[in-house]
Amino acid sequence: MATKQPILELSTIRKEFDGNEVLKSIDLQVNRGEFIAVVGKSGCGKSTLLRIMAGLEAPNSGTLVVNGKELKGRNDLAKIMFQDGRLLPWKKVYDNVALGLKKEAQKEQIDKVLTQVGLADRASSWPSELSGGQKQRVALARALIHEPELLLLDEPLGALDALTRLEMHELIEELWSEKQLTAILVTHDVEEAVALANRVILIEEGKIVLEVPVRLPYPRHRDHPLFTKLVSQILNKIMGHKRRGISTEVASASLPAMES
Amino acid sequence: MKTKKILPWIIPIVLLITWQVSSSIGILSNRVLPNPVDIFTAAVDLLKSGQLVSDVWTSTKRAFVGFLIGGGIGFALGLVNGISKISESLLDSSIQMIRNIPHLALLPIVILWFGIGEEAKLFLVALGTFFPIYLNTYHGIRSVDPSLIEMAYVYELKGFSLFWHVIFPAALPSILVGVRFALGITWVTLIVAETIAADSGIGYLAMNAREFMQLDVVILSILLYALLGKLSDVMAKLAEKQFLKWHPSHQM
């Protein structure tokens with residue numbers, strides 16, 4: 001279904017800020033059409049990794065190869081969706097989506113993508129009139145209209161309430177499969193990662209410490225035994241590091257109960 | 001609803017009536033303060049002779065042209081210094097130094113340089129309006145949210161389109177604050193300049209009337225300044241309303 005060549009190849013990526021090593025040595029291959037979720041505690045370097053993939057940040061060492069070519073500067077294959085949406089408050093929804101499009105871009109194109117994210121009737125609203133979830137839908141529409149091969153999601157749902165998140169999960173999953181995108185989602189929510197991705201990667205202290213494939217059909221049911229098993233497996237790994245004293249057995253017994 | 005509309009007018013109207021009545025029954029001498037009807041008659045007379053229109057027009061033109069020159073230069077420099085680091089280190093500290101000289105203190109030297117011609121007034125108004133617009137433009141551009149600039153970079157905006165879609169609208173609220181400040185300064189500057197050195201305009205009208213003890217015309221001139229100042233402020237507010245529709249503080 002996809003070409004053999006991976007869309008992204010990261011090898012021994014290292015990044016530091018003022019002597020503080022955020023990413024130590026990251027090796028990762030992203031294949032076309034994959035949905036990867038990167039999880040980890042805050043400050044583990046997961047957002048930095050995403051910013052490096054977008055070309056917004058240059059690694060101190062290591063290489064990032066995009067479609068077989070080493071990346072210099074911005075990654076034009078990718079569009080990134082930020083946690084805070086970053087809509088221009090002085091442009092109406094329609095014009096925010098049209099940002100950076102060529103003049104001859106069709107109105108239908110914008111209307112279509114707004115319909116896809118369920119905001120066709122808000123085209124002439126100001127961003128300040130929208131709810132948090134609606135703002136993120138606009139941000140998603142703005143990214144999608146460029147038909148990026150790679151969609152980078154930097155905790156886009158972090159600030160939303162639980163119900164809105166579930167709605168957004170559905171939307172993101174739908175659009176991802178419909179457009180056959182490659183998507184990389186950075187999140188601190190393990191359930192969200194397992195619900196959306198077909199590969200979950202855990203980063204701790206600047207290194208990939210766990211890689212879990214998720215072989216569950218979409219749409220995923222959160223009460224599926226494999227689903228809860230995967231969630232607790234990943235959580236165990238995270239928590240196990242934090243509280244060394246507790247045995248894994250105890251942790252895995254108590255965690256699913258916590259989740260329900 | 002209706003009382004709310006009437007409410008702000010009650011005090012001015014009561015004051016006006018008290019003023020007129022106390023003048024009519026002789027408590028308030030006409031040599032101290034002529035009554036509203038007298039002032040109104042003076043205005044009508046001056047209107048008929050055409051002098052009122054010509055003086056108001058002269059002053060307005062000065063205000064407008066001076067504002068345009070000073071504001072234009074202030075805007076351009078604020079823009080350049082906001083965007084370019086080199087230009088900022090070259091110019092900003094010198095501008096800040098000059099800013100500390102009150103521009104009206106230059107009046108004597110301006111009269112020596114330009115006499116009482118148009119240039120003197122335009123120079124002072126331009127100088128007065130330059131600083132608020134410069135400062136607010138510079139500050140507005142400097143405080144554009146860097147995360148929006150980064151977002152624009154992702155969407156491949158650069159050069160003029162980056163400026164037009166992101167930087168300028170982000171700086172606009174601050175620039176418009178500068179415009180309102182500058183408009184206030186424009187009229188204050190003009191009042192001083194026209195009163196001391198002019199052969200036309202509202203200030204000249206007032207000084208001329210003083211020589212002939214036409215107290216009603218003097219008061220009329222003061223009221224004209226107040227009216228024009230208020231008018232410019234209303235216009236600036238309308239501009240804010242128009243250009244900052246997106247701003248939550250302008251949405252009701």
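The values are calculated or read from the model by the stated rules, or taken from the named source; none is laboratory data. Since the structure is predicted, the reported quantities are computational estimates derived from the model, not experimental observations. Cβ placement follows ideal geometry from the backbone for every residue including glycine, while neighbour counts extend to all protein chains displayed. Surface accessibility is based on the protein's heavy atoms, side chains included, excluding ligands, DNA and RNA. Shrake-Rupley method; radii C 1.70, N 1.55, O 1.52, S 1.80 Å.
Figures for the structure shown
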{"item": "Among the candidates A:79, A:107, A:135, A:112, residue that is within 14 Å of another protein chain (Cβ to nearest Cβ) and farther than 30 Å from residue A:13 by Cβ", "result": "A:135"}
{"item": "Subset of region A:39-50 (residues that are crowded, with 22+ Cβ neighbours inside 10 Å, part of a loop (DSSP other than H, G, I, E, B) and not small (Gly, Ala, Ser))", "result": "A:44"}
{"item": "Elements of type helices (runs of 4 or more DSSP H) contained in region B:56-166, each with 3 or more residues being modelled with pLDDT of 95 or more", "result": "B:118-142"}
{"item": "Test: residue in region A:59-82 that is in a helix (DSSP H, G or I) and surrounded by fewer than 21 Cβ atoms within 10 Å (Cβ to Cβ)", "result": "no"}
{"item": "Members of region A:115-130 found to be within 24 Å of the chain's Cα centre (by Cα) and within 14 Å of another protein chain (Cβ to nearest Cβ), listed by number", "result": "A:127, A:130"}
{"item": "Filter result (within 19 Å of residue A:204 (Cβ to Cβ) and surrounded by 22 or more Cβ atoms within 10 Å (Cβ to Cβ)) within region A:14-35", "result": "A:15, A:23, A:26"}
{"item": "Single condition residue A:53 does not satisfy, out of (1) open to solvent by less than 40 Å² (accessible area, probe 1.4 Å); (2) touching a helix residue (DSSP H, G or I) at 6+ places or on another chain (Cβ under 6 Å)", "result": "(2)"}
{"item": "Conditions (1) open to solvent by 50 Å² or more (accessible area, probe 1.4 Å); (2) at pLDDT 90 or above: number failed by residue A:91", "result": "(1)"}
{"item": "Filtered residues of region A:152-171 (kept if touching a helix residue (DSSP H, G or I) at 6+ places or on another chain (Cβ under 9 Å) and either open to solvent by less than 10 Å² (accessible area, probe 1.4 Å) or charged (D, E, K, R) (or both))", "result": "A:152, A:153, A:154, A:155, A:156, A:157, A:161, A:165, A:167, A:168"}
{"item": "Contacts under 8 angstrom Cβ, first residue in region A:94-123 being surrounded by 13 or more Cβ atoms within 10 Å (Cβ to Cβ) and basic (Lys, Arg), partner at pLDDT 90 or above and in a loop (DSSP other than H, G, I, E, B), 6 or more apart", "result": "A:122/A:130"}
{"item": "Residues being within 24 Å of residue B:40 (Cα to Cα) and open to solvent by 90 Å² or more (accessible area, probe 1.4 Å) - total across region B:224-252", "result": "3"}
{"item": "Where residue B:140 falls short, out of the listed (1) without any contact (Cβ under 8 Å) to a residue 12 or more places away in the chain; (2) more than 11 Å from every other protein chain (Cβ to nearest Cβ)", "result": "(1)"}
{"item": "From A:112, A:102, A:91, residue being part of a helix (DSSP H, G or I) and basic (Lys, Arg)", "result": "A:112"}
{"item": "Conditions (1) within 13 Å of another protein chain (Cβ to nearest Cβ); (2) of a type in the set (D, E, K, R); (3) open to solvent by 40 Å² or more (accessible area, probe 1.4 Å); (4) under 25 Å from residue A:53 (Cα atoms); number of the one not met by residue A:149", "result": "(1)"}
{"item": "Given (1) over 16 Å from the mean Cα position of the chain (by Cα); (2) of a type outside the set (Phe, Trp, Tyr); (3) more than 14 Å from chain B (Cβ to nearest Cβ), index of the condition residue A:167 fails", "result": "(1)"}
{"item": "Test set (1) surrounded by 12 or more Cβ atoms within 10 Å (Cβ to Cβ); (2) at positive phi - residue B:84 fails condition number", "result": "(2)"}
{"item": "Count of residues meeting criterion [part of a strand (DSSP E or B) and either under 15 Å from residue A:204 (Cα atoms) or open to solvent by 10 Å² or more (accessible area, probe 1.4 Å) (or both)] in region A:2-13", "result": "4"}
{"item": "Residue in region B:163-177 that is more than 14 Å from residue B:79 (Cβ to Cβ), away from every other protein chain (no Cβ under 14 Å) and open to solvent by 10 Å² or more (accessible area, probe 1.4 Å) present", "result": "yes"}
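One line per residue, one yes/no per condition, for (1) closer than 21 Å to residue B:71 by Cα; (2) within 14 Å of chain A (Cβ to nearest Cβ):
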residue: B:153; (1), (2): no, yes
residue: B:156; (1), (2): no, yes
residue: B:210; (1), (2): no, no
residue: B:238; (1), (2): yes, no
